[in-house]
């Protein structure tokens, strides 16, 4: 298969119940979602909450049936198709996998959704694909990435086309030592430059401020996790970027960010 996508921008929203608002913002931004389900526990309250958010927004999603390495007597085989890995397991391990998978399929049916293992899916448009994975060993991750690429290229190619028109959403507002209050922004389309005047919503009205720094995490690191950042003069979509600027303490997460190219545009965006 020829891959035409330049890459995938993944927003990781924590599953803990205290991160409900972050899950809501993340689900409103994504073109496709990966719903992570613990094969040992099935659908938990936060999982059902996420399912309802995705159903409300009609966001397509696949399921990472995670923690297969926790199945009894599981044997790890790296760099292999997960279907071959499952066939290589002992009979009792295969039986436990099938039993737990069937229970989760029933739980999805209780939520009004059809689900099937990705290699048994009779119709990807009406059935949700379940991909067995292990975040610890990496098993199944290749299958998951391939399935997402195939879906995006087949179903979302027009929707994913790049546009120079700015589309940026504030995901989180947080204080960082040495930087003050910063905002984590998902840049979907367009570009942001250091020194630009940006306008965003605040608890006491619109906030107008200059971009002091555009910060990106080190390669293969998360934007949300504390680490050393790389500073850029310009960021082009699609990217997650941390913005440092003055007067961000009262910024509101979950709303769009605008940039004024000319002084008279500031009042228009306000």
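Check 59, 47 and return the single one that is within 30 Å of residue 170 (Cα to Cα) and either assigned to a loop (DSSP other than H, G, I, E, B) or free of Cβ contacts under 8 Å to residues at least 12 places away in the same chain (or both).
Unique residue meeting the criteria: 59.
What tally of residues in region 146-168 results from selecting those that are surrounded by 14 or more Cβ atoms within 10 Å (Cβ to Cβ) and either out of contact with any helix residue (DSSP H, G or I) (no Cβ under 9 Å at 6 or more places or on another chain) or modelled with pLDDT of 90 or more (or both)? Don't jump to the end; show me each part of the working.
Residues of region 146-168 surrounded by 14 or more Cβ atoms within 10 Å (Cβ to Cβ): 146-149, 151-153, 155-156, 160, 166-168.
Still in the running and either out of contact with any helix residue (DSSP H, G or I) (no Cβ under 9 Å at 6 or more places or on another chain) or modelled with pLDDT of 90 or more (or both): 146-149, 151-153, 155-156, 166-168.
Number satisfying all stated conditions: 12.
Within the bounds of region 259-267, is there any residue that is surrounded by fewer than 17 Cβ atoms within 10 Å (Cβ to Cβ) and closer than 21 Å to residue 9 by Cβ?
No; the residues of region 259-267 include none that is surrounded by fewer than 17 Cβ atoms within 10 Å (Cβ to Cβ) and closer than 21 Å to residue 9 by Cβ.
Confirm whether residue 110 is farther than 30 Å from residue 7 by Cβ, out of contact with any strand residue (DSSP E or B) (no Cβ under 8 Å at 6 or more places or on another chain), modelled with pLDDT of 95 or more and surrounded by 15 or more Cβ atoms within 10 Å (Cβ to Cβ).
Working: farther than 30 Å from residue 7 by Cβ: yes; out of contact with any strand residue (DSSP E or B) (no Cβ under 8 Å at 6 or more places or on another chain): yes; modelled with pLDDT of 95 or more: yes; surrounded by 15 or more Cβ atoms within 10 Å (Cβ to Cβ): no.
Spelling it out, it is not the case that residue 110 is farther than 30 Å from residue 7 by Cβ, out of contact with any strand residue (DSSP E or B) (no Cβ under 8 Å at 6 or more places or on another chain), modelled with pLDDT of 95 or more and surrounded by 15 or more Cβ atoms within 10 Å (Cβ to Cβ).
Restricting the first residue to region 247-264 and requiring it to be not assigned by TED's automatic domain parsing to the domain that holds residue 210, which pairs with a second residue that is buried (at least 18 other Cβ atoms within 10 Å of the Cβ) meet a Cβ separation below 7 Å and a spacing of at least six or different chains?
Partner pairs satisfying both residue conditions: none exist.
Quick test of your reading of the structure: residue 223 fulfils all but one of (1) surrounded by fewer than 19 Cβ atoms within 10 Å (Cβ to Cβ); (2) at pLDDT below 85. Name the failing condition by number.
It fails just one condition, (1).
Only one of these conditions is not met by residue 126: (1) touching a helix residue (DSSP H, G or I) at 6+ places or on another chain (Cβ under 6 Å); (2) modelled with pLDDT under 95. Which number is it?
With respect to (1) touching a helix residue (DSSP H, G or I) at 6+ places or on another chain (Cβ under 6 Å); (2) modelled with pLDDT under 95, residue 126 is out only on (1).
Of the conditions (1) more than 19 Å from residue 143 (Cα to Cα); (2) at pLDDT 95 or above, residue 52 satisfies every one except a single condition; which number is it?
Just one mismatch for residue 52, condition (2).
Could you grab me the full set of residues in region 78-95 that are surrounded by fewer than 18 Cβ atoms within 10 Å (Cβ to Cβ) and either assigned to a helix (DSSP H, G or I) or touching a strand residue (DSSP E or B) at 6+ places or on another chain (Cβ under 7 Å) (or both)? Explain how you work it out, then say what you get.
Residues of region 78-95 that are surrounded by fewer than 18 Cβ atoms within 10 Å (Cβ to Cβ), as a first pass: 78-81, 83-84, 87-88, 90-95.
The answer is 83, 84, 87, 91, 92, 93, 94, 95.
What tally of residues in region 237-258 results from selecting those that are at pLDDT 90 or above and buried (at least 18 other Cβ atoms within 10 Å of the Cβ)?
9
The values are calculated or read from the model by the stated rules, or taken from the named source; none is laboratory data. In this text, all values refer to a predicted model and were calculated from it rather than measured experimentally. Don't worry about glycine lacking a Cβ; one is built from the backbone with ideal geometry, like all the others, and counts go over all protein chains shown.
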